[in-house]
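I have placed the structure first, in the form of structure tokens, so that the comments after it can refer back to it.
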Amino acid sequence: MSETKTITIFDTTLRDGEQSPGASMNMEEKLRIAHQLEKLNVDVIEAGFPIASEGDFEAVRKVAQVIRGPQIGGLCRANDMDIDRAWEALKYAGERGRIHTFIATSDIHMQYKLKMSEDQVVETAVNAVRRAAGYTPNVEFSAEDAVRTRLPFLARVIKEVIDAGATTVNIPDTVGYTIPSEYFNIIRYLKDNVPNIERASISVHCHNDLGLAVANSLAAVQAGAAQVECTINGIGERAGNCSLEEVVMALRTRHDILPFSTNVHTEHIYAASKLLSTITGIVVQPNKAIVGANAFAHEAGIHQHGVMMEKSTYEIMTPESIGLTQNKLVLGKHSGRHAFVQRLNELGYELTKEDIERAFLRFKSLADQKKEIFDEDLDAIVADEIIRVPETFKLLQMNVSSGSFAAPTATVEMEVDGKRKKTAIMGDGPVDATFKAIKKLTRSKARLLHFSVGAITGGTDALGECTVRLEEGGREVLGQGAHSDIIVASAKAYINALNKAASVAKRTTVHL
Ligand code: KIV
Ligand code: ZN
């Protein structure tokens, strides 16, 4: 019998994932994600880039303090200041704290970005790893843009950093350029040409610019990589990173030809995906593998018939294996608090007593308007009532008149920095009038980039869910709002985006 090797799952949703446009998260949101990752039982949570801003530092420190189980990583460039700052935040995780330092090794990056020679890059990398190893034996080194690095030089850098104390060596495809056979050969080359390679674990980190991040990661695992870096829903810089749910479920489903396992508790995958899209407002495409709305839907009659006779005819994995239950009617007007809390727990939400009270009140008022409450309605309630940023701007009340002969007019009353303000304004449509009124009251200069409306469940009494993407001061933010009146939902989404912009405004960014 062949032996099964356990692959380390390194989740970077809170670091590389947060680099997705519009995916900035505040501390509370990061902690929620970190708790869900703990439930998923990933091996490493990369919690942020501590030197990037006060907010990043605090988030990494807090995650290191409260999360038990997974190792906690913090990214830093290859310099003393970054490394010292990273350990300052990570030390609370004790021996589970991992310093992750990186420098680019490709000719293109060394020449144009770093303006450094090969020798200088090696020296900088070695010094950084030595400094990190002075704090902890748990040191990861990444050769940024490894895939476009000359292989003999890559092997030299990797050998030197292992000698300096790196225990994990990461070979990123920073620009999503490689293909599976090439990446397989790079990992094999390092195994054959780095004399001390057995003293470290090989990690892979793939971006999805050509849609190959998962395939490349699997090829690397087959070539001997021991760690895969990935994110929930595949979010991340540009086209994103290797998707955690896809790589984990591929390893699980094709165990027959991929003799590898992971420690991930896959039944928490769906809740993790939902939580992340609720928090960031980045919607999962319906046909996305594993967690998309259609991933387990059988539309063609012949398929439905087959699945009814025997599920395995068209299902290669069960919805239950990722924690997906049927979109069943869960609760109604007469449901009590106990059933409500139990269902929230099953969906992956663990709320404080105070949050439960707020969510339950909202649930009761929704149940008065709409007979049937589905899981999606509960997700929207939690998103709208609980998971929200500090409210610099608050919607108090609004009224909109529109129709086929009168000019649409919105009257909006808000609390802005603690003061009540009201205005009435006309627009090209009810949503336009509402947004104009909000902009006037908040004196916002935000530019609307995207606006979408959807019904969360079926029926004319369904909750409407709106997503708004705004650009303010060069930063993109997403806002979401849900309400049975779609104009109110639009206003809430717009205000949610403005609140996010206000809460991240003070953060500074360090570019990689
Ligand atoms: O894509 C990349 O190269 C990275 C490194 C910093 C690991 O994110
Ligand atoms: Zn990356």
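Some observations on this one:
- Full extension of the chain segment joining Met116 with Ala297 gains 59.9 nm, where the gain is 0.36 nm per residue of separation less the Cα-Cα distance.
- Here the label points at Arg254 and Glu88, each 7 Å from Cα along the C-beta direction, are separated by 4.6 nm in the simple model.
- Cα-based shape type of the stretch 344-405, given that a ≥ b ≥ c are square roots of the gyration tensor eigenvalues and the cut on a/c is 1.5: oblate
- Options Leu395, Gly69, His268, ranked by Cα towards positive dipole end of the chain, top entry (Cβ charges): Leu395
- Using a Förster distance of 35 Å, the FRET efficiency for Asp163-Asn185 (Cβ separation, nearest 0.05): 0.90
- Were the residues from Arg420 through Ser312 laid out at 0.36 nm apart, the gain over their Cα-Cα distance would be 33.0 nm.
- Per-residue packing, averaged as other Cβ atoms within 10 Å, sorts the ranges 407-413, 73-79, 8-14, 164-170 into the order 8-14, 73-79, 164-170, 407-413, beginning with the highest.
- Between 0 and 90°, nearest 10: helix 430-442 axis offset from the chain longest Cα axis: 70
- Restricting attention to the chain, close to 50% of DSSP beta bridges with both partner residues there are antiparallel.
- Dipole orientation for the stretch 327-383: of the candidates Leu347, Ala367, Leu378, Ala367 has the Cα lying most toward the positive pole (charges on Cβ; Lys, Arg +1; Asp, Glu -1).
- Every helix of 4 or more DSSP H residues in the chain counts as -39500 (n - 2.57), and over all residues that averages to -11500 deg cm²/dmol at 222 nm.
- Per-residue ³J(HN,Hα) for the stretch 270-276, Karplus 6.51 cos²θ - 1.76 cosθ + 1.60, θ = phi - 60°, Hz, x for Gly and Pro: 4, 4, 5, 4, 4, 4, 5
- Packing order of peptides 189-195, 283-289, highest average first: 189-195, 283-289 (average count of other Cβ atoms within 10 Å over each peptide's residues).
- The H on the amide N of Ala143, modeled in the peptide plane, is under 5 Å from the matching H of Asn170, each at least 5 residues off or on a different chain.
- Helix 486-504 and the long axis of the chain differ in direction by around 40°, with both axes built from C-alpha atoms.
- Residues Lys371 and Leu396, FRET efficiency given R0 of 35 Å [Cβ-Cβ distance, rounded to 0.05]: 0.75
- Ranking of His450, His268 by neighbouring Cβ atoms within 10 Å, starting from the fewest: His450, His268.
- Of Lys5/Lys288; Lys62/Lys419; Lys419/Lys445, those spanning more than 25 Å from alpha-carbon to alpha-carbon: Lys5/Lys288; Lys62/Lys419
- Whole-Hz Karplus values for the stretch 176-186 come out as x, 9, 7, 10, x, 5, 5, 5, 4, 5, 5 Hz, taken residue by residue from phi with 6.51 cos²θ - 1.76 cosθ + 1.60 and θ = phi - 60°; glycine and proline positions read x.
- Neighbour-limited loop hits for chymotrypsin sites (Phe, Trp or Tyr not before Pro), the stretch 252-360 (at most 15 other Cβ within 10 Å; DSSP other than H, G, I, E, B): Tyr314
- Relative contact order for the stretch 22-181: 17 percent, from Cα pairs under 8 Å spaced at least 6 residues apart, divided by residue count.
- By the count of neighbouring beta-carbon atoms within 10 Å, fewest first, Val122, Val477, Val147 end up ordered Val122, Val147, Val477.
- Here r is the Cβ-Cβ distance between Asp461 and His334 and R0 is 22 Å; the resulting FRET efficiency, rounded to 0.05, is 0.80.
- Taking amide hydrogens as placed 1.01 Å from N in the peptide plane, the amide H of Ile72 sits under 5 Å from those of Ile45, Gly97, Arg98, each at least 5 positions away in sequence or on another chain.
- Contact order for the chain, expressed relative to its length and based on alpha carbon pairs under 8 Å spaced 6+ residues apart, stands at 12 percent.
- log₁₀ of I(q)/I(0) at q = 0.13, 0.22 Å⁻¹ - the stretch 114-241, Debye sum with one point per alpha carbon: -0.50, -1.28
- Residues whose amide H comes within less than 5 Å of that of Gly48, counting only those at least five positions distant or on another chain, are Leu75 (H built at 1.01 Å from N in the peptide plane).
- Per-residue Karplus couplings for the stretch 151-161, computed as 6.51 cos²θ - 1.76 cosθ + 1.60 with θ equal to phi - 60°, are listed in order as 4, x, 5, 4, 5, 5, 4, 5, 4, 5, 6 Hz, Gly and Pro entered as x.
Bear in mind these aren't lab numbers, they're just calculated from the coordinates by the rules spelled out. Since we're looking at a predicted model, the values are computed, not measured. A quick note on method: Cβ atoms are made from the backbone with ideal geometry, for glycine too, and the neighbour counts reach across all protein chains shown.
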